[in-house]
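Have a look at the structure below before the remarks.
What follows draws every value from the coordinates through simple rules; no lab data is involved. These numbers were taken from a predicted model, which means no experiment stands behind them. Please note: Cβ atoms are built from the backbone with ideal geometry, for glycine as well, and neighbour counts cover all protein chains shown.
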Amino acid sequence: MRPIIGVFAEVDLEQNTKVQNTYIRAIEESGGIPILLPYVKDRDTMERFVNLCDGFFFTGGADIEPQRYGEQSKNTCGEIQYARDELEFAVFQIVNSTLKPIIAICRGAQLINVAFGGTLYQDILSETNTRISHRQIEPKNSPSHDVQILKNTPLFDLMKKTVMSANSFHHQAIKKLGEGLEIMAVSDDGIVEAVYLPGERYVRAYQWHPERLYEIDIYNRLIFDDFIKACQNI
Ligand SMILES: [Mn+2]
């Protein structure tokens, strides 16, 4: 049975919902059935959505509200979508009480980290000494920096190599790691590029955008094949 994947999307200031089709294509290509949760407030609606889905996809987008990790918003912080934060943190808590798999990309990775009690750099450029551009000028579907894959991690088990190509269009990143999470890839400047939750639950989060590289790079495609497989096996 093809698994049903619950997908999160942009929720703008008028509470309209919109998702990048690249996420939807990647799920379909790897065998999943994507469905979207719009902005809802009712807890029972969220629980029914979680019951309906076999796995969850936290996608990219606006910055997480810094107060959620105990910081005041700096002027380098980007757009915040309060309704989206409210929806995703609420549904995450419900999903987190199940064994259903989670994949998270970019903002999604930052959301997972904050949900587990971690913090973020509100702006990489002004808060770190990196010499790597994490906001590439190349098209989004071309790689721009490598990531180093740590051994003894699920990503290494999947890729069977220590370096892979990533694209990069984020200005925030994980600062303090969320409780229980472990790093599985970093860029050469030490910025966290992928994390996972050790143990029974499948929780994988990537700072880059494999959904825009899977057509040209088999390794990036493996990320989605692996997630969909995990959703089938639950
Ligand atoms: Mn990057």
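Beta bridges assigned by DSSP with both partners in region 4-232 are antiparallel in approximately 55 percent of cases. Ranked by how many other Cβ atoms sit within 10 Å of their own Cβ, fewest first, the residues M159, M164, M1 fall in the order M1, M159, M164. Inter-part distance, region 12-84 to region 187-234, computed on C-alpha centroids, equals 17 Å. Please say if region 140-224 is rounded, prolate or oblate, where rounded means a/c under 1.5 for a ≥ b ≥ c the square roots of the C-alpha gyration tensor eigenvalues, and otherwise the choice is prolate for a/b larger than b/c and oblate otherwise? Judged from the Cα gyration tensor, region 140-224 comes out oblate (a/c at least 1.5, b/c at or above a/b). Placing a label point 7 Å from the Cα of R48 along the Cα-to-Cβ direction, the residues of region 1-34 whose backbone N falls under 20 Å from that point are 4-9, 17, 34. Greater than 31 Å separation of Cα atoms is the criterion. Which listed pairs, K41/K160; K74/K151; K18/K175; K18/K161, meet it? Distance filter (> 31 Å) returns K41/K160; K74/K151; K18/K161. Taking 0.36 nm per residue of separation and subtracting the current Cα-Cα distance, fully stretching the chain between Q72 and E179 would add 36.4 nm.
Of the GluC sites (Glu not before Pro) in region 1-48, the ones in a loop by DSSP (not H, G, I, E or B) with at most 10 other beta carbons within 10 Å are E14. Taking other C-beta atoms within 10 Å as the exposure proxy, H145, H134 rank H145, H134 from fewest upward. Residue-normalised convex hull volume from the C-alpha trace of the chain: 116 Å³ per residue. Starting from the Cα gyration tensor of region 1-54, take the square roots of the eigenvalues, sort them a ≥ b ≥ c, and report rounded, prolate or oblate (rounded when a/c is under 1.5, otherwise prolate if a/b is larger than b/c, else oblate). Oblate.
Neighbour counting of Cβ atoms within 10 Å sorts the residues T153, T128, fewest neighbours leading, into T128, T153.
For a quick check of your reading of the filter: which GluC sites (Glu not before Pro) in region 174-213 sit in a DSSP loop and have no more than 13 other Cβ atoms within 10 Å? List each step's numbers first, then the result.
Working: sites: E179, E182, E193, E200, E211; in loops: E179, E200.
Answer in residue order: E179, E200.
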